[in-house]
Amino acid sequence: MAALLGVPLFSTDLFMPDYAPGTTGRWRMQPGGFVLDHGYHSGTCATFGMHVLLRNRDDNEHTWDTWMSLSPHEIESQELGCRHAYGHTAVMGLGMGWAALNIALRPQVRRVSVIERDPEVIALFTRSGALASVPAEAAAKIHIVEADAMAWRPDAPVDFVHADIWRTLAEPQTLDDVRRMQANVQAACIYFWGQELLIHDLAAQCAQDGSDPDRWAEAVRQCIAERIALPLLSPAGLDYPAFIAHVAAQRRARWPQGIPDVAMRAVQRQPGNC
């Protein structure tokens, strides 16, 4: 089907667990069919059989909202956090557990504290069997804590935070939420879902000439250090300012009619001068 449509079939070297379908309370796990998607940093591609996490709306058996899916966009928008986690990593938000599993598979990671406030999400993940799909030594690293990510305080130093507690990218409160987490956790390094989009739009307000690579790189550095003022992941070996610009361009391609207002409000609320 992908070949007939002239698009590539999405593939990744990150681990893709199997999930047993089922429902726990307001949450449901189920496989999907053939889907066309636009990646976070790649173009249009196809995927088949991706699993989806759904949440029941208004106790209506026939009304379910997609909360998370293992789509190309979702995978690509979390992969930097999964690939660069180390030491004691705190994963804020369990979701389908995909990020936690991939982080636990990294030999550089010794412990994964997964913070999830909804016991039904924890129960659904447990019954899905996904944890049993990774080697025992990786599974043993994962410790799920029923707690609010906004209030959780670790009992041991945290090296890395991977945060994804939001339904959509660049929600208005995202940066405030991450700052609240960091105030309690004091991690050495942070990666939050969609941080490239927020960095891009804040840095664009500072860059006099976004087409000049040196000026753009300086605007990104200044934005992270002075406006965001958090120890965000900036991966070694990657031209991160160029990657940020590329992700933003892909975002515009994904939303050719304009990015939804919820994403724009996230940028407009951020204070500070360049």
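The values are calculated or read from the model by the stated rules, or taken from the named source; none is laboratory data. The model shown is predicted, which means the values in this text are computed figures rather than measured ones. Reconstructed Cβ throughout: ideal geometry from the backbone, glycine too, with neighbour counts over all protein chains shown. Keep in mind that these areas ignore ligands, DNA and RNA; they rest on the heavy atoms of the full protein, side chains included. Shrake-Rupley method; radii C 1.70, N 1.55, O 1.52, S 1.80 Å.
Annotations
- Tensor-based shape of the range 148-228 (alpha-carbon gyration tensor, a/c under 1.5 rounded, otherwise prolate or oblate): prolate
- Loop-located GluC sites (Glu not before Pro) in the range 39-131, at most 11 other Cβ atoms within 10 Å (DSSP): Glu61
- Other-chain or far-sequence residues with amide H under 5 Å of Val91's (modelled H): Ser113, Val114, Ile115, His162
- In the chain, helical runs assigned H by DSSP with n ≥ 4 each contribute -39500 (n - 2.57); averaged across all residues and rounded to the nearest 500, the mean residue ellipticity at 222 nm is -9000 deg cm²/dmol.
- Shape category assigned to the range 30-86 from the gyration tensor of Cα positions, a/c cut at 1.5: oblate
- Selected from Ala90, Ala99, Ala140 as most flexible by GNM, with the chain as the system and alpha-carbon contacts under 10 Å: Ala140
- Of the solvent-accessible surface of the range 77-129, computed with a 1.4 Å probe over protein heavy atoms with every protein chain present, carbon and sulfur atoms account for 50 percent.
- Overall form of the chain per C-alpha gyration tensor (a/c, 1.5; a/b vs b/c): oblate
- Between Leu198, Leu101, Leu36, the GNM of the chain built on Cα springs shorter than 10 angstrom shows Leu36 fluctuating the most.
- Per residue, the average separation of C-alpha pairs within less than 8 Å and at least 6 apart gives the chain a relative contact order of 16 percent.
- Residue among Asn60, Asn184, Asn102 with the largest mean-square fluctuation in a Gaussian network model of the chain, springs linking Cα atoms under 10 Å: Asn60
- Counting Lys and Arg as +1 and Asp and Glu as -1 over every other residue whose Cβ lies under 14 Å from the Cβ of Ile103, the net charge comes to +1.
- Cβ-based net charge around Ile165, under 13 Å, with every Lys or Arg adding one and every Asp or Glu removing one: -4
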